[in-house]
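The values are calculated or read from the model by the stated rules, or taken from the named source; none is laboratory data. These figures come from a predicted structure and were not determined experimentally. Cβ placement follows ideal geometry from the backbone for every residue including glycine, while neighbour counts extend to all protein chains displayed. Quick note on the areas: whole protein, heavy atoms, side chains included, nothing else; ligands and nucleic acids left out. Shrake-Rupley method; radii C 1.70, N 1.55, O 1.52, S 1.80 Å.
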Amino acid sequence: SLRKSNGNKPGGQRGHKGETLRMVDNPQEVIIHEAKECKICNSSLQDAQIIGIKKCWVFDLPPLAI
């Protein structure tokens, strides 16, 4: 490689503001995944109390065209 080291560690440097992908306030689509039964004992979770919610996001890419 013809690149020379500048002495900095890889990644964002101290003092750099940085950017990240953030969740939007109004998503185009919301999909709710609910557990129907216990994975271990197969008991129904129909009347189980909800103890937590996990949010995640997916960015769909448009189909590739030639």
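Here's a check for you: in the range 35-44, which residue that is open to solvent by less than 90 Å² (accessible area, probe 1.4 Å) and part of a loop (DSSP other than H, G, I, E, B) is modelled with the lowest pLDDT?
Within the range 35-44, the match that is modelled with the lowest pLDDT is Ala35.
Do we find that Ala48 is open to solvent by 90 Å² or more (accessible area, probe 1.4 Å), modelled with pLDDT of 85 or more and small (Gly, Ala, Ser) in this structure?
no
Residues in the range 1-34 that are farther than 18 Å from Phe59 by Cα, loosely packed, with under 10 Cβ neighbours inside 10 Å and of a type outside the set (Lys, Arg): how many?
Count: 13.
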